[in-house]
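One structure coming up, written as structure tokens, with questions to follow.
Just so it is clear, none of the values below were taken in a lab; they were calculated from the coordinates. Remember, predicted model here, so these are calculated numbers, not experimental data. Here Cβ is always computed from backbone atoms with ideal geometry, including for glycine, and neighbour counts include all displayed protein chains.
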Amino acid sequence: MTVADIRRRKQAERLKGLHQQASSVLAEHPGASLWLFGSWARGDWDAFSDVDVLAVAPNRSQASELADAVLDLGMADDVLALTELEWQERRNGDDPYWRAIGLDAVRLGLS
């Protein structure tokens, strides 16, 4: 087994766990979504990489509640709360930072 194989397996295991956790959190937050972004989404993570998640919901209050639930579960190290409109505007806007996040983001769980 190569180092690349080990990395792919570790990423697949991590993503599977995040999908499972996201599904349980999203069951309590209808109409919301969770998005993994950063190095774990891109696949260029290392031993010091944190887990970055976007909590997206119809309004600011629901997005903040979802972000708090993700943090309480210990699912992510950093969580950004956005409304659905903010997420769509940012991922499709002109800011290269947000466009890159939009291209790399991986939707977690079921919504």
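What is the magnitude of the charge dipole of the chain about its Cα centre, with +1 placed on the Cβ of each Lys and Arg, -1 on the Cβ of each Asp and Glu, and no other charges, expressed in debye to the nearest 20?
Working: 12 positive and 18 negative charges, 108 e Å.
The calculated dipole for the chain is roughly 520 debye.
Another one. Just to be sure I understand: of the beta bridges DSSP finds with both ends in the chain, what percent are antiparallel, rounded to 5?
55 percent
Compare the Cα positions of Gln21, Gln11, Leu36 along the charge dipole of the chain (+1 at Cβ of Lys, Arg; -1 at Cβ of Asp, Glu; about the Cα centre) and return the one farthest towards the positive end.
Farthest towards the positive pole: Gln11.
For the chain, what relative contact order do you get, as a whole percent, if you take Cα pairs closer than 8 Å and at least 6 residues apart? Could you put the intermediate results ahead of the total?
Numbers: 177 pairs, mean separation 36.1, N = 111.
About 33 percent, as a whole number.
Pick out, in residue order, every one of the GluC sites (Glu not before Pro) in region 1-91 that is DSSP loop and has at most 16 other C-beta atoms within 10 Å; say none if there are none. List each step's numbers first, then the result.
Numbers: sites: Glu13, Glu28, Glu65, Glu84, Glu86, Glu89; in loops: Glu28.
Counting only loop positions with at most 16 other Cβ atoms within 10 Å, the GluC sites (Glu not before Pro) in region 1-91 are Glu28.
How much length is gained on full extension from Glu86 to Ser61, taking 0.36 nm per residue of separation minus their Cα-Cα distance?
Computed gain between Glu86 and Ser61 is 7.7 nm.
Please state, rounded to one decimal and in Å, the Kirkwood hydrodynamic radius that the chain gives when every pair of distinct Cα atoms enters the mean of 1/r.
In the chain this quantity evaluates to 14.2 Å.
For Ser23 and Asp95, FRET efficiency with R0 = 35 Å and r from the beta-carbon atoms, rounded to 0.05?
Details: r = 30 Å, r/R0 = 0.86.
With R0 = 35 Å, the Cβ-Cβ based efficiency is 0.70.
Further question on the same structure: Sum up the charges of everything whose Cβ sits under 11 Å from the Cβ of Thr83, counting Lys and Arg as +1 and Asp and Glu as -1, but leave Thr83 out. Intermediate results must be reported in sequence, preceding the final value.
On the way: positive: Arg60, Arg90; negative: Glu84, Glu86, Glu89.
Net charge in that neighbourhood comes out at -1.
Also, quick follow-up: Which one, Leu54, Ala67, Gly109, is farthest towards the positive end of the dipole of region 45-111 when Lys and Arg carry +1 and Asp and Glu -1 on their Cβ?
Working it through, the farthest residue towards the positive pole turns out to be Gly109.
Still on this structure, please answer the following. Rounded, prolate or oblate: which fits region 1-64, taking a ≥ b ≥ c as square roots of the Cα gyration tensor eigenvalues, rounded meaning a/c under 1.5, else prolate when a/b beats b/c?
Numbers: a/c = 3.91, a/b = 2.21, b/c = 1.77.
It is prolate, given that a/c is not under 1.5 and a/b is the larger ratio.
Among Leu54, Leu85, Leu36, which one moves the most in a GNM of the chain with springs linking Cα atoms closer than 10 Å?
Leu85
Can you pull out the chymotrypsin sites (Phe, Trp or Tyr not before Pro) in region 1-103 that DSSP calls coil and that have at most 14 other Cβ atoms within 10 Å?
Phe48
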